[in-house]
Amino acid sequence: MTESNTLLLGTNKGLLTFCKDADGWHLAQEAHRAIPVSYAAADPRTGVQWACLDHGHWGRKLHRSKDGGTNWEEVPSPYYPEGAELKAETPATVSYLWCITPGGLDQPNRLYVGTEPGGLFQSDDGGQSFQLVESLWNHPSRPDNWFGGGRDLPGLCSIAVDPRDSQHIIIGVSVGGIYETRDGGKTWEGRNKGLLAKYLPNPHVEYGHDPHFMVMSPSNPDVLWQQNHCGVFRSTDSGKNWVEISQPGGPVYFGFAIAVDAQDENVAWVVPAVSDEYRVAVDQALCVCRTDDGGKTWTAFREGLPQRGCYDLVYRHALDINGDHLAFGTTTGNLFISDDRGESWTSLSSTLPPILSVRFA
């Protein structure tokens, strides 16, 4: 893997681009000043950068840059078609843009956008237009089993496209669950066996689970990882069965972000928080935990991270990996990077706005 020297940060006050040169990392560009950027990433197929904006009063906007972030243009944002209903007599409208994900290498113009209230949108013209994937929206489980948790409405926050087969896609809805299609989105099946929904009367329900973030292992796409509201889980059969791999006695249990090594399906990282009730660093000390054996054991790394009076939380898209390098940002505006697989960390800034997403470009 080629080392990336660019970090795209979606923050509450705009898109910040950090670049690495001979003198180290530094803030190189700023875009969409003072506007919340819920997610920003670059399409590895084309280099086009994408930014999902949350204007509040002006609504959700989608922007792209074809010149490395120097210039940006607005493209039509996804919208629900007439007749789409959140529930009976309540029209569905896009209230948040959670993520944007490229299609397969054999689909150079395919893009997916995950939205709140749970819709998956697809573009086949490079983002000039988007259409709702109605087969997922109309899945019979949605009306009674998708609901808000930390936010008022469900959010489609995870999209994984199998690099071996672009027709094979797995998505995560918070709160709703994991769904899989093997025919390019014509049909979908729930993939939640083994997950726990401890906030429901029956924690073993088929639907209504809360995957905070799910990722597919690049080296073996049958292996999936998720940081769930109710623990950390792993599947080795494309989500047909999940096994909880939380750490007995902590700290690995509650959190939002998870990252997986590109070369080893057994290696992953999480950034723990106390619980759903106390969304702050465990013991007011920030740590990053890594497993090297598929979740059987975890090691906490703390070198370079604040260990006193720390209230940092890492959101679901605010941890990323590139080779042996990891980076994450926090709700208190701290940005950290590691060059040794998370064993030690360097602070790039402690004065940024709350960080919503971190992605190597």
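The values are calculated or read from the model by the stated rules, or taken from the named source; none is laboratory data. These numbers were taken from a predicted model, which means no experiment stands behind them. Methodologically, a virtual Cβ is constructed for each residue, glycine included, from the backbone with ideal geometry; neighbour enumeration extends over all protein chains shown.
Just the residues that are over 22 Å from L53 (Cβ atoms), under 20 Å from the mean Cα position of the chain (by Cα) and among the aromatic types (F, W, Y), please, taken from region 329-361. Result: F336, single match. Within region 213-225, the set of residues being hydrophobic (A, V, I, L, M, F, W, C) and part of a loop (DSSP other than H, G, I, E, B) comprises V223 only. Of all residues in region 17-50, exactly one satisfies the criterion of being touching an Asp or Glu at 6+ places or on another chain (Cβ under 6 Å) and not hydroxyl-bearing (S, T, Y), namely P36.
What tally of residues in region 1-42 results from selecting those that are assigned to a strand (DSSP E or B) and either under 18 Å from the mean Cα position of the chain (by Cα) or in contact (Cβ under 8 Å) with a residue 24 or more places away in the chain (or both)? Total meeting the criteria: 21. Cβ-Cβ distances below 8 Å connect the following pairs, each with a first residue in region 335-361 that is under 13 Å from G10 (Cβ atoms), a second residue that is part of a loop (DSSP other than H, G, I, E, B) and of a type in the set (K, R), and a separation of six or more residues or different chains: P353/K13. When V274, V270 are checked against the criterion of being of a type in the set (A, V, I, L, M, F, W, C) and surrounded by 21 or more Cβ atoms within 10 Å (Cβ to Cβ), V270 stands alone in meeting it. Within region 305-336, the set of residues being closer than 16 Å to A268 by Cβ, not charged (D, E, K, R) and not in a loop (DSSP other than H, G, I, E, B) comprises H317, L319, I321, N322, H325, L326, A327, F328.
Within region 213-228, which residues are under 18 Å from P272 (Cα atoms), in contact (Cβ under 8 Å) with a residue 40 or more places away in the chain and surrounded by 23 or more Cβ atoms within 10 Å (Cβ to Cβ)?
F213, M214, W225, Q226, Q227
Residues are listed down the side, and each one gets a yes or a no for (1) buried (at least 22 other Cβ atoms within 10 Å of the Cβ); (2) in contact with a Cys (Cβ under 9 Å, 6 or more places away or on another chain):
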| residue | (1), (2) |
| --- | --- |
| N5 | no, yes |
| L8 | yes, no |
| N12 | no, no |
| C19 | no, no |
| A22 | no, no |
| P44 | no, no |
| Q49 | yes, no |
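Listed by position, the strands (runs of 3 or more DSSP E) contained in region 151-212 that have at least 3 residues being touching a Pro at 6+ places or on another chain (Cβ under 7 Å) and either touching a residue at least 40 places away in the same chain (Cβ under 8 Å) or crowded, with 17+ Cβ neighbours inside 10 Å (or both) are 169-174. Could you check, for region 100-112, whether at least one of its residues is polar (S, T, N, Q), under 17 Å from T181 (Cβ atoms) and touching a Lys or Arg at 6+ places or on another chain (Cβ under 7 Å)? No: zero hits. For region 51-90, a residue qualifies if it is under 19 Å from G14 (Cα atoms) and either at pLDDT below 95 or touching a Cys at 6+ places or on another chain (Cβ under 9 Å) (or both), and the qualifying residues are C52, H55, G56, H57, W58, G59, R60, K61, L62, H63, S77. Scanning region 153-205 for residues that are among the acidic types (D, E) and within 18 Å of the chain's Cα centre (by Cα) yields a total of 2. For the criterion of being touching a Phe, Trp or Tyr at 6+ places or on another chain (Cβ under 6 Å) and under 16 Å from R60 (Cα atoms), G119 passes. All of T93, T101, T115 fail the test of being in a loop (DSSP other than H, G, I, E, B) and either closer than 25 Å to S4 by Cα or at pLDDT 95 or above (or both), apart from T93.
Return the residue satisfying two criteria in turn: it lies in region 74-90 and is assigned to a strand (DSSP E or B) and charged (D, E, K, R), and of such residues it is farthest from A42 (Cα to Cα).
Top of the filtered list is K87.
Search region 233-265 for residues being touching a Pro at 6+ places or on another chain (Cβ under 9 Å) and outside any loop (DSSP other than H, G, I, E, B), and hand back the single one that is surrounded by the most Cβ atoms within 10 Å (Cβ to Cβ). So, considering only residues that are touching a Pro at 6+ places or on another chain (Cβ under 9 Å) and outside any loop (DSSP other than H, G, I, E, B), the one surrounded by the most Cβ atoms within 10 Å (Cβ to Cβ) is F233.
Of all residues in region 114-133, those that are under 22 Å from M214 (Cβ atoms) and in contact (Cβ under 8 Å) with a residue 24 or more places away in the chain total 12.
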